[in-house]
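Some notes on the structure that comes next.
The values are calculated or read from the model by the stated rules, or taken from the named source; none is laboratory data. In this text the structure is predicted, and so the values were computed from the model without any measurement. Cβ placement follows ideal geometry from the backbone for every residue including glycine, while neighbour counts extend to all protein chains displayed. In case anyone asks, the SASA skips ligands and DNA or RNA and just uses the protein heavy atoms, side chains included. Shrake-Rupley method; radii C 1.70, N 1.55, O 1.52, S 1.80 Å.
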Protein chains: 2
Amino acid sequence: MKRNSRLSSILHILVHIAEKPEQALTSEQLATFVHTNPVVVRRTIAGLRDAGIVTSSRGHGGGWQLGRAPKDISLAEISAALGETLLPFSTEPESPGCLVEQAVIAVLDDFRIAAERLLAEKLSHITLADLTADFRRRYDLIGVSSHAV
Amino acid sequence: MKRNSRLSSILHILVHIAEKPEQALTSEQLATFVHTNPVVVRRTIAGLRDAGIVTSSRGHGGGWQLGRAPKDISLAEISAALGETLLPFSTEPESPGCLVEQAVIAVLDDFRIAAERLLAEKLSHITLADLTADFRRRYDLIGVSSHAV
DNA sequence: GTTTCATGTAACTTAATTAGTTACGATAAA
DNA sequence: TTTATCGTAACTAATTAAGTTACATGAAAC
């Protein structure tokens, strides 16, 4: 899993989980989908469990399943559960007392807050169900197995 | 200069330049504002020169000045000149042939394009002049020197 | 109950990225 | 001619995140 592809990878994983609702998929299986290893998957996906987006079960036959229906899981929630901002520019003061910096940070923070609200609003209208629907459209068209390579 | 504070640092620098329109500020002076060193400043600011946002002059008395009036320099241009996207999540395919990944990337790319347009639009309405005005408001209120620490 | 198969998580290693630094050539004013 | 400045290449250091190893915990299968 490359840097900065966490959101993409997680969605990839979630759609695969959504496509096998009757069985729990193991971290190992999920790891092969995104070319990484099981521990990284568990670590990355842990936040989603805390948010109720997925559930995990231990022991024989255990693994990962969705915590609720795909249509009730929005990309906004997923993104939030990952705990990263979509706009990762820093506005930490580095020269406390510099009025120029204070002005810059004030303007930038206003922008960030407005932008984050906007992005979250857009993401809240896209659900996992939209992704699985898009996948199935492709699948019906081409008709090959759900995962090659 | 910390990671992810490039935009903020550049704006800090630009406002300082804007506040001394009659003189060129050296990389060394600018570096002290953002607690870094002259070479990093030159490197970071090089893209802005290519975009005509600042000009540089060599030799004795040389340094950096604005390429045009603050009111004609928008944050959208500055951000673009830095050559970084504001939404740095990757949508590079890692499993070509996986229809699930293709669906994820398609949806994510649509979102990214729309989001970037939106953010650029918002940033195009904020200019360096807005930042200097905000600074002056603070300055008039508190009345201390433009740069402490 | 013992074995097997999973997750949970801590601790460590490796890889990638970016800032910081040194060095020196080019340029322009004093 | 000296001094001050940028331009840039090459290297080093710091930081971050992914990858890995190891092992404890929990649950099903036999």
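With both labels modelled 7 Å from their Cα along Cα-to-Cβ, the A:Ala69 to B:Glu28 distance reads 6.9 nm. Apolar share of the accessible surface for chain B: 52 percent from carbon plus sulfur atoms, 1.4 Å probe.
Springs between Cα atoms under 10 Å define the GNM used for chain B, and in it the highest mean-square fluctuation of B:Pro88, B:Pro21, B:Pro96 occurs at B:Pro96. Ordering B:Asp130, A:Asp109 by accessible surface, largest first, gives B:Asp130, A:Asp109; the 1.4 Å probe counts only protein heavy atoms, with every chain in place. Quick one: among B:Leu87, B:Leu75, B:Leu48, which has the greatest mean-square fluctuation in a GNM of chain B with alpha-carbon springs under 10 angstrom? Among B:Leu87, B:Leu75, B:Leu48, the largest GNM mean-square fluctuation belongs to B:Leu87.
How many square angstrom of accessible surface are buried between B and A, both sides summed, with a 1.4 Å probe and rounding to 100? Before the final figure, lay out the partial values.
Numbers: alone 9700 and 9700 Å², together 14640 Å².
Its buried surface, counting both partners, is about 4800 Å².
Screening chain A for DSSP H helices whose Cα atoms reach 15 Å or more along their own axis and whose mean Kyte hydropathy is at least 1.0 gives A:6-19. Dipole magnitude for the protein assembly as shown: computed about the Cα centre from +1 point charges on Lys and Arg Cβ and -1 point charges on Asp and Glu Cβ, it is near 420 debye.
Computed over the protein assembly as shown, the per-residue total of -39500 (n - 2.57) for DSSP H runs of n ≥ 4 gives a 222 nm mean residue ellipticity of -17500 deg cm²/dmol, rounded to 500.
Indicate the residues belonging to segment B:1-39 that lose 30 Å² or more of solvent-accessible heavy-atom surface (probe 1.4 Å) upon moving from the chain alone to the assembly of all protein chains, ignoring ligands and nucleic acids. Correct list: B:Lys2, B:Asn4, B:Leu7, B:Ser8, B:His12, B:His35.
Coupling constants for segment B:55-69 follow from the phi torsions by the Karplus curve (6.51 cos²θ - 1.76 cosθ + 1.60, θ = phi - 60°), and in residue order they are 10, 10, 9, 8, x, 3, x, x, x, 10, 9, 6, x, 7, 5 Hz; glycine and proline get x.
Cα gyration tensor of the protein assembly as shown, axes a ≥ b ≥ c as square roots of the eigenvalues: rounded (a/c below 1.5), prolate (a/b > b/c) or oblate? Walk me through the intermediate numbers first.
Working: a/c = 2.67, a/b = 2.50, b/c = 1.07.
Cα axes put the protein assembly as shown in the prolate bin.
With the label put 7 angstrom out from Cα along the Cα-to-Cβ vector, A:Gly59 ends up 8.3 nm from the copy partners, going from closest to farthest. Lysine pair count for the protein assembly as shown with Cα-Cα distance under 26 Å and sequence separation of 8 or more or different chains is 10. In a simple Cβ point-charge model (Lys, Arg +1; Asp, Glu -1; nothing else charged), segment A:1-113 has a dipole of about 580 debye relative to its Cα centre.
With springs connecting C-alpha atoms under 10 Å apart, model chain B as a Gaussian network and identify which of B:Val104, B:Val34, B:Val15 has the largest mean-square fluctuation. Of B:Val104, B:Val34, B:Val15, the most mobile in the Gaussian network model is B:Val104.
Where in chain A is the longest stretch that carries no trypsin sites (Lys or Arg not before Pro) classed as loop by DSSP and with at most 16 other Cβ atoms within 10 Å?
Details: sites that count: A:Lys2, A:Arg3, A:Arg58, A:Arg68.
The reported range is A:69-149.
Copy-to-copy label distances for A:Ala129, where each label lies 7 Å from Cα along Cα-to-Cβ, are 4.9 nm in order of increasing length. Full extension of the segment from A:Lys20 to A:Lys2, taken as 0.36 nm per residue of separation minus the current Cα-Cα distance, would add 3.9 nm.
Quick one: with label points 7 Å out along Cα→Cβ, list the inter-copy distances for A:Pro96 in nm, shortest first? Relative to the other copies, A:Pro96 has label-point distances of 5.2 nm.
In this structure, the amide hydrogen of B:Val54, modeled 1.01 Å from its nitrogen in the peptide plane, lies closer than 5 angstrom to those of B:Arg49, B:Gly67, counting only residues at least 5 positions away or on a different chain.
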